[in-house]
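The values are calculated or read from the model by the stated rules, or taken from the named source; none is laboratory data. These numbers were taken from a predicted model, which means no experiment stands behind them. Positions of Cβ are backbone-derived with ideal geometry, glycine not excepted, and every protein chain shown enters the neighbour counts. Quick note on the areas: whole protein, heavy atoms, side chains included, nothing else; ligands and nucleic acids left out. Shrake-Rupley method; radii C 1.70, N 1.55, O 1.52, S 1.80 Å.
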Amino acid sequence: MSFRLRLLVFISAAVVSTVALVTWNASSSARRAFESVSAQHTASLVEQFRREFARRGEEVVRRVEGLAASDAVQRVAVEAGRDQPDYSPYVNEAAALAATHGLEFVELVAGDGTIISSAQWPARFGYRQELVLQPQDWKAQGAFLKREELPSEAALALVAVRAVTVRDRPVFIVAGLRLGPGFVASLVLPEGMRALLFPILDPSALVGAPAGEEAIASLVYEVRGTRQELTRTLALPGGEETFQAIPLFGRERTLLGVLLVGSSRKELSALLARLRWEGFTFAGLGVALGLVLSFWTAARVTRPLERLAAGARAVAAGKWETRVDIRSGDEIEQLANVFNSMTGKLVEQRDRLVQTERVAAWRELARRLAHELKNPLFPLQITVENLQRAREQAPEQFDEVFRESTATLLAELGNLKAIIGRFSDFAKMPPPEKQAVGINELVRDAARLFEPQLKAAQRPPIELEVAIDPHAGVIQADPDQLRRALRNLILNALDAMESGGRLTLRTRKMEGAVWLEVADTGQGLTPEECARLFTPYYTTRRHGTGLGLAIVQSVVSDHRGRIGVESQPGKGTTFRIELPEV
Amino acid sequence: MLRTKYPRLAAISLAAASALFAATRPQYGGFLRLQVRAGADRINPAGTAAQQKLVPLVFDRLVELDERGKPRPALAVSWRTTDPRQRRWRFTLRPGVRFHNGAPLTARAAAAALQSAGLQAAAAGEELVVSYSGGISALLRELAGARCAIFLKGAAGAAGGSGPFRIEQWSASRGGRLLANEEHWAGRPFLDGIEIEVQGTPRDRLLDLELEKADLIELPASEVRRAAQRGLRVWSSAPVELLALKVGIDNALLREALGLSVDRDAIRNVLLQRQGETAASLLPNWLSGYAFLFAAVRDPARARELMSGNPRRQPIPLTYEAGDRLAQAVADRIALDARAARIPLQSAPSAAAGGAGVRLMRLPLASPEAGRALAQMAAALDLPMTGSPSTPQALYDAEAALLAGVQVIPVAWLPQTWAAGRRVRCASGRAVLSTGELRLAEVWLEQGSQ
């Protein structure tokens, strides 16, 4: 992973984790604050419900007492006091009383529990109202919840009971108000809150569950089972909502209804969603900022380093004079200065080395030239001295000596000329004239050329192995120069195997290049010899000119190829030439 | 054979005799303001109960029933038969009678009117011949019915009568105005006319009567006691309207349970305020004479027992005519009684009768003749009735057969009741006959009260 990427990942991770932490913290705080406010609102609403419930109860009691004091009820009571009461004229009395006293439910009930008149269900006259038969001091009893039977349903009612007695025969007034949507609508609800009243009047059915909000019905069922206040957060189609469920009991703790105070969590959800969105936004911005910062930092840090790396690569490629110009004023600039200093010293040392090598080469050339020239010069000197001595000491033999001496002189002069020619040839290496050359054919031709020499009887046996890669194919090269180079390598190998051995010629095609190997099993070279092997005029042989391998390297170099040598003393040497296909 | 001339003169004489003791004498003039429960598109002898209610004001019949329900001559002054089997009767028409359009009453016109009522009638010279197999008593009762009123078809197709009042204007929804027939054969009515108004709610009618915005109002039985308590004069007929359940349910056990669950006494004593009678028969006892043989049995325990082996959860509709408050109260009570017997009856108003379920119906007596009334009732209930019973036994058998399957459950008989204002006076003391028929020709208004 690059430094830039690591920097990006690090900055992004830092920003994202920070934003996530802040978002989580803000969300938690918002949630706690919301729930606290919601709980306060719910408690306030529940208290408001209780107050309103109590107020309505008092109102019901007041109205029922007013109703009990009315003339109409007194007339009914007087009728009840008769020995044979006839209640039929009063069958519609309850409805009239309900209308005049603002009550929704009014029943006039005789002392034996027989309904005289019913406002909410006029047809119920003559039926029994068991409630009044229970022993109770109705005067002290306030309003209470009651299941009220209606023709087509049952309703939840807040009722009070009062009795009017004539001649010890009471007439009961059971009257009250419906506790339904109207009652709930009278509550002042804060925004986002709602109150739902669920009468539980039929054990098998639940009245009033809003369509699509069956979860509410489940909560009501739960309250019905536990008979305790519950708080639940429900997932509804309109969003999450927290409900406080309050059981409503009638006489003898009969569960008659459930009040649900719902607090919508829509605002909280919106707030959390907004926080999340902002978190994502800031995280995204952080990542983008990290990206910019990383690039900027990279521009500040990695780009000089990259330039340094490029400079190093250039130096590695041989451009030792490469310099890196960095003006960052920091350690990178110091590093660049050191680099420049290093390359400067390298160039200086190289030049010095080149100079040294050049001097060494000249010395070697001078030594070689002196050595080469000295050998023919000595016979020349001896021959000329012999001529002088023969002239002075034996003139009669002078002619014969002269003939012999001139022959020798001519021969040695020929040698001198040959030596000078070889040096002249090396100096005049022409540029390659490239054409399509089958490398395998070249190797085979060379093998054929040296085969007789290898099989010569006077020399130790050398086994020739030719390993041809059929894929080696054709390259663009100067065939004469390549032949000359190959011949030099083979001659070197033959020279190295004075006691016989194996000569291997191998071609190979590898990665857009053709390899040519010449290996022998001769005496091998030391590493020092290997290092100087291609230096002109350097030779390990007594009679070598030191130009053979220099010519080989020159040919390979002119073909944009490379030559290498592997050798171990006593085991042999392998020369490997790599030539580009194109 | 009966022959009575100048009935109006007799009435006036009676009134004059009464006047010796009365505070006022009969007086001519004034318009009587009459409020009725339901409107009618027209006053039609062959129409519905609402259309027939005012028929005697505009149309005459060959015979009328007196206060005791006895037939007496009207357009027919006498009747006789020469048929040994007494199946063809000759009616002599009152001479000098003219319809409201001035056309004279003829045997041909009377025959045409009776034919349209389903009777076999023909003109034989000046006399009208009616073929009838049920005996003269039944025939006279039938002829006294509103549907046998004599009318003359006008050029526009409207039926014109010869009754004490003629129609000046009429509106189906609001009522109308009748004017005194100056040429009526019984003499001009005391009233100059009648203003008829449709007033839907009994309380409003009662209030209008108390405030003297009305002189005579139609009153449901449930309000009779209240009206009486307020010192108003109430004129009630004999029970003339049957309140019955038409049970369109296939389950015979359920029908039986429903019949056993109905608390008729509670309905009669409380909802009807002790007016009318509990009913177990299709015809009232005053008409059939045997109604007491049908017992109204209430046995809720037995009804529950029947339903326990035959549970029913699907609600059964009990419908009644929308706007009829008495019917609503009765239906609600019946539904309550049925529910106590585990019959899921649910009352609801409905304009349309028939179909599945139970329908609470008002079945007015269509004829003072028992056989005709029973046949009409069977037709109204859509129950099959074979033959035309001519003897009490046959009539009883026919009625018993109609009741046998509990497809109809009689609940109560209702009287036709009217309440009169303070200025309304009647020569005979009451302007409503036992049949519920209004007889306003003998009514006058006390002067100075308006």
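Take the stretch A:102-117 and flag every residue that is within 12 Å of chain B (Cβ to nearest Cβ) and out of contact with any Leu (no Cβ under 8 Å at 6 or more places or on another chain). Listed by number, the list holds a single entry, A:T114.
Here is a check on your reading of the model: is B:R430 basic (K, R) and in a loop (DSSP other than H, G, I, E, B)? So B:R430 passes the test. State whether the residues of the stretch B:195-203 include one that is at positive phi and out of contact with any Pro (no Cβ under 9 Å at 6 or more places or on another chain). No, the conditions are met nowhere in the stretch B:195-203. The combined condition, being open to solvent by 40 Å² or more (accessible area, probe 1.4 Å), more than 23 Å from A:E191 (Cβ to Cβ) and not hydroxyl-bearing (S, T, Y), is fulfilled by A:R56.
Pairs meeting the criteria (first residue in the stretch B:134-156 and on the phi > 0 side of the Ramachandran plot, second residue open to solvent by 40 Å² or more (accessible area, probe 1.4 Å), beta carbons under 8 Å, at least 6 apart or on different chains) are B:G135/B:Q86; B:G135/B:S390. Please work out if A:A493 is crowded, with 18+ Cβ neighbours inside 10 Å and closer than 16 Å to A:G548 by Cα. Against the criterion (crowded, with 18+ Cβ neighbours inside 10 Å and closer than 16 Å to A:G548 by Cα), A:A493 qualifies.
For the stretch A:463-481, the set of residues classified as over 15 Å from A:F450 (Cβ atoms) and under 56 Å from the mean Cα position of the chain (by Cα) consists of A:A467, A:I468, A:D469, A:P470, A:H471, A:A472, A:G473, A:V474, A:I475, A:Q476, A:A477, A:D478, listed by residue number. B:I267 - would you say it is of a type in the set (V, I, T), touching a helix residue (DSSP H, G or I) at 6+ places or on another chain (Cβ under 8 Å) and part of a helix (DSSP H, G or I)? Here the answer is yes, as B:I267 does meet what is asked. Could you say which residue among A:R323, A:R327, A:R300, A:R274 is closer than 30 Å to A:E191 by Cβ, without any contact (Cβ under 8 Å) to a residue 40 or more places away in the chain and open to solvent by 20 Å² or more (accessible area, probe 1.4 Å)? Only one candidate qualifies: A:R274. For A:Q84, the conditions (1) part of a helix (DSSP H, G or I); (2) modelled with pLDDT under 90; (3) within 14 Å of chain B (Cβ to nearest Cβ) are fulfilled apart from (1). How many residues does the stretch B:248-270 hold that are more than 13 Å from chain A (Cβ to nearest Cβ), open to solvent by less than 40 Å² (accessible area, probe 1.4 Å) and of a type in the set (A, V, I, L, M)? Summing the residues that are more than 13 Å from chain A (Cβ to nearest Cβ), open to solvent by less than 40 Å² (accessible area, probe 1.4 Å) and of a type in the set (A, V, I, L, M) in the stretch B:248-270 gives 5. One residue stands out among those in the stretch B:173-207 that are buried (at least 16 other Cβ atoms within 10 Å of the Cβ) and in a helix (DSSP H, G or I): the one that is modelled with the lowest pLDDT, which is B:P202. Restricting attention to the stretch B:305-335, the residues that are farther than 17 Å from B:L245 by Cβ and touching a residue at least 40 places away in the same chain (Cβ under 8 Å) total 4.
Looking at B:E218, B:E223, B:E277, which is the one that is of a type in the set (D, E, K, R), open to solvent by less than 30 Å² (accessible area, probe 1.4 Å) and more than 14 Å from every other protein chain (Cβ to nearest Cβ)?
Going through B:E218, B:E223, B:E277 in turn, just one is of a type in the set (D, E, K, R), open to solvent by less than 30 Å² (accessible area, probe 1.4 Å) and more than 14 Å from every other protein chain (Cβ to nearest Cβ): B:E218.
Test A:V338 against the criterion of being open to solvent by less than 60 Å² (accessible area, probe 1.4 Å) and of a type in the set (V, I, T), and give yes or no. No; evaluated as a whole, the condition is false for this residue.
Just need a number here: residues in the stretch B:342-367 that are open to solvent by less than 30 Å² (accessible area, probe 1.4 Å) and within 13 Å of another protein chain (Cβ to nearest Cβ). Summing the residues that are open to solvent by less than 30 Å² (accessible area, probe 1.4 Å) and within 13 Å of another protein chain (Cβ to nearest Cβ) in the stretch B:342-367 gives 3. Just one of the numbered conditions (1) farther than 18 Å from A:K571 by Cβ; (2) free of Cβ contacts under 8 Å to residues at least 60 places away in the same chain is not true of A:T507: (2). Has the stretch A:496-518 got at least one residue that is assigned to a helix (DSSP H, G or I) and either basic (K, R) or touching a strand residue (DSSP E or B) at 6+ places or on another chain (Cβ under 6 Å) (or both)? Within the stretch A:496-518 (the criterion being assigned to a helix (DSSP H, G or I) and either basic (K, R) or touching a strand residue (DSSP E or B) at 6+ places or on another chain (Cβ under 6 Å) (or both)), the answer is yes, since at least one residue qualifies.
A:A99 fulfils the conditions (1) within 13 Å of another protein chain (Cβ to nearest Cβ); (2) open to solvent by less than 40 Å² (accessible area, probe 1.4 Å); (3) hydrophobic (A, V, I, L, M, F, W, C) except for a single criterion, (2).
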